[in-house]
1. Look at GLY192 and say whether it is at pLDDT below 95 and either surrounded by 15 or more Cβ atoms within 10 Å (Cβ to Cβ) or touching a Cys at 6+ places or on another chain (Cβ under 6 Å) (or both).
2. Answer with yes or no whether LYS94 is in contact (Cβ under 8 Å) with a residue 60 or more places away in the chain and over 16 Å from PRO14 (Cα atoms).
3. Evaluate the stretch 97-111: report whether one residue or more is within 12 Å of the ligand (Cβ to nearest atom) and more than 27 Å from TYR209 (Cα to Cα).
4. State yes or no: is GLY150 touching a residue at least 24 places away in the same chain (Cβ under 8 Å), within 16 Å of the ligand (Cβ to nearest atom), surrounded by 22 or more Cβ atoms within 10 Å (Cβ to Cβ) and part of a loop (DSSP other than H, G, I, E, B)?
5. Go through the stretch 36-68 and give me each residue that's of a type in the set (A, V, I, L, M, F, W, C), over 19 Å from the mean Cα position of the chain (by Cα) and at pLDDT 95 or above.
6. Please work out which one of (1) touching a Phe, Trp or Tyr at 6+ places or on another chain (Cβ under 9 Å); (2) crowded, with 21+ Cβ neighbours inside 10 Å; (3) without any contact (Cβ under 8 Å) to a residue 40 or more places away in the chain is the condition VAL170 fails and give its number.
7. When the residues of the stretch 18-51 are filtered to those that are at positive phi and of a type outside the set (Ser, Thr, Tyr), which remaining residue is surrounded by the fewest Cβ atoms within 10 Å (Cβ to Cβ)?
8. So which residues in the stretch 112-138 are of a type outside the set (Lys, Arg), outside any strand (DSSP E or B) and more than 10 Å from the ligand (Cβ to nearest atom), if there are any at all?
Amino acid sequence: MEKNFELTAVDLYPEIMNIYGDRGNIIYFKYRCSLYGIDIKTYDVSMVKGSEKECGEADIFFMGGGQDAEQALIYEDFINNKKNILTEAVENNKIMLAVCGSYQLLCDYYKSTDGKIIKGISIFKGYTESKPPRLIGNIAVKAGDFILAGFENHGGRTYLEKGQNVLGRVLKGCGNNGEDKTEGARAGNFFGTYLHGSFLPKNFAFCDYLIDTALKNRYGVRLSEAAKRNGVNINNIDSDFEIKARKDIADLRKFV
Ligand code: GLN
């Protein structure tokens, strides 16, 4: 009976697409897995050819936000060297958490503030056009059974095609475009969101959901069973600090 569970996480362009500390997502994912006795192998993959091996091992991809200049900087490598990897990954039920500028590149196109059209990889069906003012502030979102908390700062307004699944509905803040109360997008186990924060430390229950999904995909085992085989009772996991941190976001307190 499998005991030592290991997951592999890849952080794409961490030295470039990491605005507002989005690197915290892979750091928290690794920490949260350790609470359940699950080992994590992590790779940082940036603008280098030949990263197919590391990416091929990934159970989950992370990619953070970036200003228009950073999005343009990674664009050629993203299209030439990562598009096919990610398209195959979503078809194989792998997981991705793409934040803000990265989320925009997983849509059909991003029209930057200076009017440049950057073609995306169409994992999510929709487009983004940047215009003033920037949408900035704390945000709360109802996403299925989760109430997600985060911070947003984007000029881009994302409009999803009819039928494209959203991540959730905005309870407080702007979300995709500040108009239709939608936030983020989902395709398979790929999640796009405008929530910086970092996102996962502010949403530990959603992080557990991603761990559970990754274990199910790789081992056919749920998180509760994997933890039990590791001698961990999931009811004893201490999330008090995370719960307090969510409550400390004053203008989200009544939502989270
Ligand atoms: N440059 C994009 C925008 O302004 C993304 C910004 C970000 O990643 N925070 O919408």
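The values are calculated or read from the model by the stated rules, or taken from the named source; none is laboratory data. All of these numbers come straight from a predicted model, not from anything done at the bench. Backbone-built Cβ (ideal geometry, glycine too); neighbour counts: all protein chains shown.
1. No; evaluated as a whole, the condition is false for this residue.
2. Against the criterion (in contact (Cβ under 8 Å) with a residue 60 or more places away in the chain and over 16 Å from PRO14 (Cα atoms)), LYS94 qualifies.
3. Yes, the stretch 97-111 contains at least one residue that is within 12 Å of the ligand (Cβ to nearest atom) and more than 27 Å from TYR209 (Cα to Cα).
4. For GLY150, the condition - touching a residue at least 24 places away in the same chain (Cβ under 8 Å), within 16 Å of the ligand (Cβ to nearest atom), surrounded by 22 or more Cβ atoms within 10 Å (Cβ to Cβ) and part of a loop (DSSP other than H, G, I, E, B) - is not met.
5. The one that is of a type in the set (A, V, I, L, M, F, W, C), over 19 Å from the mean Cα position of the chain (by Cα) and at pLDDT 95 or above: ILE38.
6. (1)
7. Residue satisfying both the conditions and the ranking: GLY50.
8. Those that are of a type outside the set (Lys, Arg), outside any strand (DSSP E or B) and more than 10 Å from the ligand (Cβ to nearest atom): ASP114, GLY115, GLY120, ILE121, SER122, ILE123, PHE124.
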